[in-house]
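What follows is one structure encoded as structure tokens, with my remarks underneath.
The values are calculated or read from the model by the stated rules, or taken from the named source; none is laboratory data. All of these numbers come straight from a predicted model, not from anything done at the bench. Here Cβ is always computed from backbone atoms with ideal geometry, including for glycine, and neighbour counts include all displayed protein chains.
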Amino acid sequence: MSLVQKTLAGAHVKHLKHTEEHVPEIIPTPKEVCISMSMHMGPPCKALVAKGDTVKVGTKIGDVEAFLSAPVHSSVSGTVREIVEMTTATGARCQAVVIDCDGQQTPDESVQPPKVEDHAGFVKAIRESGLVGLGGAGFPTHIKLNPKNLDEVDTLVINAAECEPYITSDYRTIMDRSQDVLEGIAAIKKYVGISQVKIVIESNKPKAVELMKKLTQNDSSVEVLALKAMYPKGAEKVAIYESTGRVVKEGMLPADVGCIVCNVTSTAFIGQYMRDGMPLITKCLTVDGGAVNTPKNVIAPIGMRFRDVIEYCGGYKVPPKKMLMGGPMMGTAIFDDSYPVLKNNNALLALDESQVEVPQEGPCIRCGRCMNACPFQLMPRQIELASQRNDIEALKKLKVMLCMECGCCTYVCPAKRGLTFSNKLAKQQLRAAMPRK
Ligand code: SF4
Ligand code: SF4
């Protein structure tokens, strides 16, 4: 069975884009920031500064020589108060640099527009910028821009689908930073040598579709596609299929089908960075949920504590029942609001009691809705059963590693089965059973 061939697969989630007309507000510098050394997929960075050091805006404060890593920079000027051990939202441990801000926001002298002449120089500059996928995945962008089969890559997919409920930060990027987006696209095309660009936007954002079409009307290499508004059109493999008809099979990367996918806000960052050289130090977030007094989009320094972000948004209306980094479908629950803003946060949701359902699982009624909703035509109920039996061979046959944990199967299940969670467990079972390389 082919993958991602049912373009109507997915879930009709509520859009809840309450903040879409809210131009992001720049939050004033807080008194302190706590900058995590783990904001990318690979091993955490090591702090390059020590207690008492002076830092400026853009000073490199963390790095590690490892694949899938990206350096970390200070978002403020001030003095390092301490280096602490923090627990990430996924339970891993890493260092974090706590900085007392001096309020001056003095830029570091090293911050200069990068001098780039070729592909290698571009990749190096993007690594130095600290950029990781800003749509939520945290995959270092310089790795994406440097695939092994560079000669075979012909398509850049700019992912502006933003299909998760509530989140409007990418939409604001298009509406407010369209020039940065175009400059980012131009830089990637020039240095990576890509001939065609597909900009994918869900059709529930007609103003964004119209704007990008207007701005690119004289460029035959760029096509703007309005995708049917159905979650998860913004998933990488789905966006590739929708825009090119190419199928990224199990174990393949986008570059294997000639594509590089770049989130639209990451693209805008590249445009801005090539002009001013300021590394990634701020993040645009959608702050929403019934427990927040004034939902809005904000631009926060990376490392700002969530409680300070919420305070800027008028504080809590009621005590939150659940807090999420990211959207309700794929976001990560956080246990307290002292957690800091990370590079790949695109939303902070503080949900009230009415928005948090504690589902009571019932027996499977074999309706098949979970399979029909899955963009990869996986069989979540069969995966759940195989996981319960610890049947590794069955899990392999069921291709559980293709599961992107999008949550569609759980969302549509009338028996309220926790299928996404059982898929996560099944993937761990399979990983644990694989021989270590
Ligand atoms: S969570 Fe996994 S199994 Fe469920 S719909 Fe998404 S990709 Fe398919
Ligand atoms: S959607 Fe739920 S009830 Fe229906 S087959 Fe899947 S697990 Fe069973």
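Within the bounds of region 119-129, is there any residue that is among the β-branched types (Val, Ile, Thr), modelled with pLDDT of 95 or more and assigned by TED's automatic domain parsing to the domain that holds Ala187?
Looking through region 119-129, at least one residue is among the β-branched types (Val, Ile, Thr), modelled with pLDDT of 95 or more and assigned by TED's automatic domain parsing to the domain that holds Ala187.
Restricting the first residue to region 125-152 and requiring it to be surrounded by 19 or more Cβ atoms within 10 Å (Cβ to Cβ), which pairs with a second residue that is among the β-branched types (Val, Ile, Thr) and in a loop (DSSP other than H, G, I, E, B) meet a Cβ separation below 6 Å and a spacing of at least six or different chains?
That search, which allows pairs on different chains as well, returns Ala125/Val116.
Would you pick out the residues in region 101-119 that are under 27 Å from Ser38 (Cβ atoms) and exposed (fewer than 13 other Cβ atoms within 10 Å of the Cβ)?
none
Looking only at region 409-437, how many residues end up being within 23 Å of Ala137 (Cα to Cα) and within 16 Å of ligand 2 (Cβ to nearest atom)?
Total meeting the criteria: 12.
Scan region 270-278 and give yes if some residue there is surrounded by fewer than 24 Cβ atoms within 10 Å (Cβ to Cβ) and hydrophobic (A, V, I, L, M, F, W, C), otherwise no.
yes
Can you name the residue in region 156-201 that is among the basic types (Lys, Arg) and touching a strand residue (DSSP E or B) at 6+ places or on another chain (Cβ under 8 Å) and, of all such residues, is nearest to Leu225 (Cα to Cα)?
So the residue we want is Lys198.
Identify the residue in region 13-47 that is among the acidic types (Asp, Glu) and touching a Ser or Thr at 6+ places or on another chain (Cβ under 9 Å) and, among all such residues, is surrounded by the most Cβ atoms within 10 Å (Cβ to Cβ).
Ranking the qualifying residues of region 13-47, first place goes to Glu20.
Taking the conditions exactly as written (more than 15 Å from ligand 1 (Cβ to nearest atom), under 20 Å from Gly91 (Cβ atoms), of a type in the set (S, T, N, Q) and not assigned by TED's automatic domain parsing to the domain that holds Lys249), does Asn390 satisfy them or not?
no
Which one of the conditions (1) in contact (Cβ under 8 Å) with a residue 60 or more places away in the chain; (2) within 20 Å of the chain's Cα centre (by Cα); (3) not in a loop (DSSP other than H, G, I, E, B) does Lys198 fail to meet, given that it meets all the rest?
If we test Lys198 against (1) in contact (Cβ under 8 Å) with a residue 60 or more places away in the chain; (2) within 20 Å of the chain's Cα centre (by Cα); (3) not in a loop (DSSP other than H, G, I, E, B), just (1) comes out false.
Determine whether Lys51 is free of Cβ contacts under 8 Å to residues at least 60 places away in the same chain and basic (Lys, Arg).
Taking the combined requirement at face value, the residue satisfies it.
Under 6 Å between Cβ atoms, which residue pairs at least 6 apart in sequence (or on different chains) link something in region 414-432 that is more than 16 Å from Arg389 (Cβ to Cβ) with a partner that is small (Gly, Ala, Ser) and within 11 Å of ligand 1 (Cβ to nearest atom)?
Filtered contacts from region 414-432: Thr420/Gly407.
For every residue, the table says whether it meets (1) part of a loop (DSSP other than H, G, I, E, B); (2) buried (at least 22 other Cβ atoms within 10 Å of the Cβ); (3) away from ligand 2 (no atom under 16 Å from the Cβ); (4) among the small types (Gly, Ala, Ser).
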| residue | (1), (2), (3), (4) |
| --- | --- |
| Leu349 | no, yes, yes, no |
| Met371 | no, no, no, no |
| Gln377 | yes, no, no, no |
| Ser387 | no, yes, no, yes |
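Give the number of residues within region 246-267 that are at pLDDT 95 or above and more than 14 Å from the chain's Cα centre (by Cα).
Counting residues in region 246-267 that are at pLDDT 95 or above and more than 14 Å from the chain's Cα centre (by Cα) gives 8.
Filter region 389-408 down to the residues that are in a loop (DSSP other than H, G, I, E, B) and within 15 Å of ligand 2 (Cβ to nearest atom) and list them by number.
Residues satisfying the conditions are Leu398, Cys403, Cys406, Gly407.
Taking the conditions exactly as written (among the polar types (S, T, N, Q), modelled with pLDDT under 95 and not in a strand (DSSP E or B)), does Gln360 satisfy them or not?
yes
In this structure, is Ala66 in a loop (DSSP other than H, G, I, E, B), of a type in the set (A, V, I, L, M) and either surrounded by 19 or more Cβ atoms within 10 Å (Cβ to Cβ) or outside the structural domain of Thr332 (by TED's automatic domain parsing) (or both)?
yes
Which of the residues that make up region 389-401 are of a type in the set (Asp, Glu) and surrounded by 13 or more Cβ atoms within 10 Å (Cβ to Cβ)?
Across region 389-401, the qualifying residue is only Asp391.
Inspect region 409-417 for any residue being buried (at least 20 other Cβ atoms within 10 Å of the Cβ), in contact with a strand residue (DSSP E or B) (Cβ under 8 Å, 6 or more places away or on another chain), outside any helix (DSSP H, G or I) and not small (Gly, Ala, Ser) and give the result as yes or no.
No.
Please determine whether any residue of region 204-218 is in contact with a Phe, Trp or Tyr (Cβ under 6 Å, 6 or more places away or on another chain), of a type in the set (Ser, Thr, Tyr) and not in a strand (DSSP E or B).
No: zero hits.
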